[in-house]
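A short write-up of the structure that comes next.
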Amino acid sequence: MKILLGDYMYQHNLTARQVAICTGVSKSAINRIANNQISPRMDTLERIAKGLKVPFSSLYLTDF
């Protein structure tokens, strides 16, 4: 599964700080997720989707 948070942030001109404020997830975690350094737990991905007001499925791409 590929996380698309970095792509989403780039397309919407969002900083890690802005996403962190909206989602309640730390800025460092947002940076690491966006740069594909870590894979977030599903509950974290749900918090990010809810905070950004986007469908959960828009933040990841399955490798099928």
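In this Cβ point-charge picture (+1 for Lys and Arg, -1 for Asp and Glu), the chain has a dipole of about 220 debye about its Cα centre.
Quick one: longest stretch of the chain between exposed loop trypsin sites (Lys or Arg not before Pro), exposed meaning at most 12 other C-beta atoms within 10 Å and loop per DSSP?
It runs 1-40.
Across the chain, Cα-Cα pairs farther apart than 19 Å form 15% of the total. Rolling a 1.4 Å probe over the protein heavy atoms gives the chain an accessible area of 68 Å² per residue. For the pair residue 61 and residue 37 in one chain, pulling the backbone fully straight at 0.36 nm per residue adds 7.0 nm over the alpha carbon distance. With all protein chains in place and a 1.4 Å probe, the accessible surface of the chain carries 51 percent carbon and sulfur. Hey, how many Å between the Cα centroid of the stretch 1-36 and the Cα centroid of the stretch 38-64? Cα centroid of the stretch 1-36 versus Cα centroid of the stretch 38-64: 10 Å apart.
The values are calculated or read from the model by the stated rules, or taken from the named source; none is laboratory data. None of these values were measured; they are calculated from a predicted model. Please note: Cβ atoms are built from the backbone with ideal geometry, for glycine as well, and neighbour counts cover all protein chains shown. Protein only, heavy atoms only, side chains kept; ligands, DNA and RNA dropped before computing areas. Shrake-Rupley method; radii C 1.70, N 1.55, O 1.52, S 1.80 Å.
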